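Scroll down for the structure; my scribbles are underneath it.
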Amino acid sequence: MRYLFIDTSLADVSIAVIEDNKILSSIHEYIPNEHSIYAVSYVDKVLKKANLEANDIDKILIVTGPGSFTGVRIGVTIAKMYAYLLEKEVIPVSSLKSRVLGKKSNYFLSMIDAKNNNYYVGLYDNNYNEIKESFMKEEEILKLKQKYNPLVVNEEDSYDLLEIVSYYKDNKGVNVHSLVPNYLKLPQALEDRI
């Protein structure tokens, strides 16, 4: 089984092709605010480096957020385009959960900075079951840390692509038309209107 992995949820972009628990090719670049310029060409590059055509991919794993509103939209759009045109299965991946997969602890707290002392937070048990995914203030996070004493990971912590594929590979894909970003909160422009 061959997977195309796409993550444009943060300032860095990760695109990879994985087959049978082996990374055939990958690109990981720090390109803040330039996802729309490079992400599609990165998909092409990893496919060529793996000596594959787009249609050789069986499933697409797309990180749907939370994270950068624009970055997430770009990645989701690319995944939808490939999945629709090539009639491939698309599987949404949480940017929060992906950071804890393969790690060992009783509880995990995954955090992504959302600016102004706000964070996107995922709390998971030792089997990676979601206890809570939410947009939170720093004070709320301190309460979770006191209650669960979790292993804390953040956006600077790298993730393990092979663990992500292993965890999500048996998930049922979603209808490409229903694939949407996971923002956990409204964009600031919409919140300002309310």
Fill in: Mean Kyte hydropathy of -0.5 or more with a Cα span along the axis of at least 20 Å, helices from DSSP in the chain
35-49, 69-86
Worksheet item: What does the highest-first list of 106-113, 88-95, 138-145, 4-11 look like by mean Cβ count within 10 Å?
Response: 4-11, 88-95, 106-113, 138-145
Response to the item:
the range 4-21 scanned against label point 7 Å out from D170 along Cα→C-beta; backbone N under 16 Å for 21
Item to complete: Any chance you could run the full-extension gain for N116 through D58? It's 0.36 nm times the residue separation minus the Cα-Cα distance, nm to one decimal.
Response: 16.8 nm
Fill in: Surface accessible to a 1.4 Å probe, Y159 within the full protein complex, Å²
40 Å²
Response to the item:
Straight-line reach check, K143, cutoff 29 Å on alpha carbons, 8 or more apart in-chain or any other chain, hits among lysines -> K97, K103, K104, K115, K132, K185
Worksheet item: Which length gain, in nm to one decimal place, applies between F135 and Y84 when the Cα-Cα distance is subtracted from 0.36 nm times their residue separation?
Response: 15.3 nm
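Based on the mean of other beta carbon atoms within 10 Å per residue, what is the order of 164-170, 17-23, most packed first? All intermediate terms of the calculation are to be shown ahead of the outcome.
On the way: 164-170: 17.4, 17-23: 15.4.
By packing density, highest mean first, the sequence is 164-170, 17-23.
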Worksheet item: Just the Cα atoms of the range 1-138, one point each, no solvent: what log10 I(q)/I(0) does Debye give at q = 0.09, 0.15, 0.16 Å⁻¹?
Response: -0.28, -0.76, -0.85
Discussion item. Apply the a/c threshold of 1.5 to the C-alpha gyration tensor of the range 67-146 and tell me whether it is rounded, prolate or oblate.
Written reply: oblate
Practice prompt. For the chain, report the accessible area per residue in Å² (1.4 Å probe, heavy atoms, rounded to an integer).
Written response: 53 Å²
Fill in: Inter-site label distance for S25 and L142 at 7 Å from Cα along Cβ, in nm
4.9 nm
Worksheet item: Roughly how many nanometres apart are two label points built 7 Å out from the Cα toward the Cβ at D157 and R2?
Response: 3.3 nm
Worksheet item: Using a 1.4 Å probe on the protein chains only, how many percent of the accessible area of the chain belongs to carbon and sulfur?
Response: 46 percent
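The values are calculated or read from the model by the stated rules, or taken from the named source; none is laboratory data. In this text, all values refer to a predicted model and were calculated from it rather than measured experimentally. Positions of Cβ are backbone-derived with ideal geometry, glycine not excepted, and every protein chain shown enters the neighbour counts. Note: accessible area is taken over every heavy atom of the protein model, side chains too, but ligands, DNA and RNA are not part of it. Shrake-Rupley method; radii C 1.70, N 1.55, O 1.52, S 1.80 Å.
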